[in-house]
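The values are calculated or read from the model by the stated rules, or taken from the named source; none is laboratory data. The structure presented is a predicted model; accordingly, all values stated were derived computationally and were not measured. Glycine also receives a Cβ, built like all others from the backbone with ideal geometry; neighbour counts cover every protein chain displayed. To get the accessible areas, we keep the full protein, side chains included, count just its heavy atoms, and leave off ligands, DNA and RNA. Shrake-Rupley method; radii C 1.70, N 1.55, O 1.52, S 1.80 Å.
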Amino acid sequence: MISWITGTVIEEWGQGSRCGVLLSCKDIGYEIQILPNCSEDLNPNSKLVLWIHQVRREDGDHLFGFEIKGERDLFRQLISVSGIGPQVGMALLTEYKVPELIQAIVE
């Protein structure tokens, strides 16, 4: 299981509301979906450290990356709820900051 990764940004990508990065680490390219606010400051050849959540499915492995460990941990809690998958979890973290989302859940 991949827990975190550090590497060099090769390129960014976007597909609808999803965005991601191709990260080179030890001559291997990892395609990682990230939150849109993470991609705002990225430039090719810049260094990036991400906390990773890996999802294994029949159609392949999917990597979700977060700049802050707390975001990744909340994402994991969100997707453990029945009916909330990775894309809904990413949408919630895109819409709300971690403290706001926690407060909304508590209330």
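Exactly one residue among 12, 40 is within 19 Å of residue 71 (Cβ to Cβ) and free of Cβ contacts under 8 Å to residues at least 24 places away in the same chain, and that residue is 40.
In segment 40-95, the residue that is modelled with the lowest pLDDT out of those that are among the polar types (S, T, N, Q) and either assigned to a loop (DSSP other than H, G, I, E, B) or open to solvent by less than 90 Å² (accessible area, probe 1.4 Å) (or both) is 43.
The residues of segment 72-101 that are under 13 Å from residue 53 (Cβ atoms) and of a type in the set (Phe, Trp, Tyr) amount to a single one, 75. Taking segment 1-23 as the range and being small (Gly, Ala, Ser) and surrounded by 15 or more Cβ atoms within 10 Å (Cβ to Cβ) as the test, the residues that pass are 7, 20.
State whether the residues of segment 27-35 include one that is at pLDDT below 90, in contact with a helix residue (DSSP H, G or I) (Cβ under 8 Å, 6 or more places away or on another chain) and surrounded by 13 or more Cβ atoms within 10 Å (Cβ to Cβ). Looking for residues that are at pLDDT below 90, in contact with a helix residue (DSSP H, G or I) (Cβ under 8 Å, 6 or more places away or on another chain) and surrounded by 13 or more Cβ atoms within 10 Å (Cβ to Cβ), one finds none in segment 27-35, hence no.
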